[in-house]
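Reading through the structure tokens given below for one structure.
The values are calculated or read from the model by the stated rules, or taken from the named source; none is laboratory data. If you're wondering where the values come from, they're calculated on a predicted model, not measured in any experiment. Neighbour counts run over all protein chains shown; Cβ positions are idealised from the backbone, glycine included. The protein model used for the area step is the full one, side chains on, heavy atoms only, and it has no ligands, DNA or RNA in it. Shrake-Rupley method; radii C 1.70, N 1.55, O 1.52, S 1.80 Å.
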Amino acid sequence: MAGAHTLTFNDDNFQTEVLEASVPVLVDFWAQWCGPCLMLAPTIDELASAFQGKAKVGKVDVDSSPTLASMYGIQNIPTVVIFHNGQPVERIVGAKHKRDYETALNKLLSR
């Protein structure tokens with residue numbers, strides 16, 4: 001389901017790939033059965049390509065990793081959480097326009 005540059009995060013790799021990342025990380029919490037999640041998927045893939053080498057972009061399947069979803073208080077999907085220096089710094093609930101995610105990532109990259 002994910003594009004060539006879109007990462008898959010799960011219980012096994014979340015610590016190293018997201019929390020210990022040296023760049024901002026955009027995490028899309030989603031599920032296969034979620035219509036808005038499927039509508040957002042192409043945008044996430046575009047962001048992964050556009051920010052390659054500057055930020056990580058990936059997805060957490062809430063059905064496969066319910067512990068992560070619970071840990072970060074995910075109550076509605078899609079929810080995008082942007083992490084910086086191991087901390088969640090921005091949360092965007094619902095499928096939004098691509099520029100909303102770009103703006104959030106660019107704000108962190110300009111620090």
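Observations, loosely collected:
- All positions within segment 1-35 that are farther than 19 Å from Asp100 by Cβ, among the aromatic types (Phe, Trp, Tyr) and open to solvent by 10 Å² or more (accessible area, probe 1.4 Å): Trp33
- Segment 1-41: number of residues that are farther than 15 Å from Pro88 by Cα, in contact (Cβ under 8 Å) with a residue 12 or more places away in the chain and assigned to a helix (DSSP H, G or I): 5
- Residue in segment 75-93 that is over 18 Å from Leu19 (Cα atoms), polar (S, T, N, Q) and open to solvent by 10 Å² or more (accessible area, probe 1.4 Å) present: yes
- Subset of segment 97-111 (residues that are under 14 Å from the mean Cα position of the chain (by Cα) and touching a residue at least 12 places away in the same chain (Cβ under 8 Å)): Lys98, Tyr101, Glu102, Ala104, Leu105
- Any hit, segment 23-35, residues being farther than 20 Å from Leu105 by Cβ and either aromatic (Phe, Trp, Tyr) or modelled with pLDDT under 95 (or both): yes
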